[in-house]
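Each reported figure results from applying straightforward, stated rules to the coordinates on display, with no laboratory input. As the structure is a computational prediction, the values presented were derived from the model and not from experiment. Ideal geometry is used to build each Cβ from the backbone, glycine not excepted, and the neighbour counts take in all protein chains shown.
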Amino acid sequence: MKSLRNIQIKALLAIEEPNWESLYRHICREFSKEFHVPLFEVINDIPEEEILTHYYENLFSKLYNNPNPEAKDQWEKIREKIIKGDDVLADEEIQKEEEDDAWADEIANEIKKADQAQNAQENPNIINEEIDISIPGEDDFPPKF
């Protein structure tokens, strides 16, 4: 067993600088109190996703149903942050896809140019430029008298 001092330091850090492990322990304790389930059962028997889902549903419903204006403001801020977070992720994914597409197009153009240059070296009689097939004075047809 760890020394009592090490356990106390870990507990202090969990409060001052919480990490996922300390946050999850807190959520398990709150779940245990709120739903009257022994803590060891919460930790050992209930899947993490179920604990988190019920914990957040309970927390959010308390804020949403609270008539206090401060609670309503807090609800709106949390809701906006969560929803906006999804939009930010979606925007970042779209931007990354667009960057990937632009990069792929650039590479394809470079390959095409390299192929044209190689073909020009192998077959110097082939013209790789576009040929202008317009007829001089074409705009003047039919002739005006």
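Annotations for the structure displayed:
- Verdict on L52 being in a helix (DSSP H, G or I) and loosely packed, with under 13 Cβ neighbours inside 10 Å: no
- Some residue of the range 37-49 being at negative phi, surrounded by 10 or more Cβ atoms within 10 Å (Cβ to Cβ) and under 24 Å from the mean Cα position of the chain (by Cα): yes
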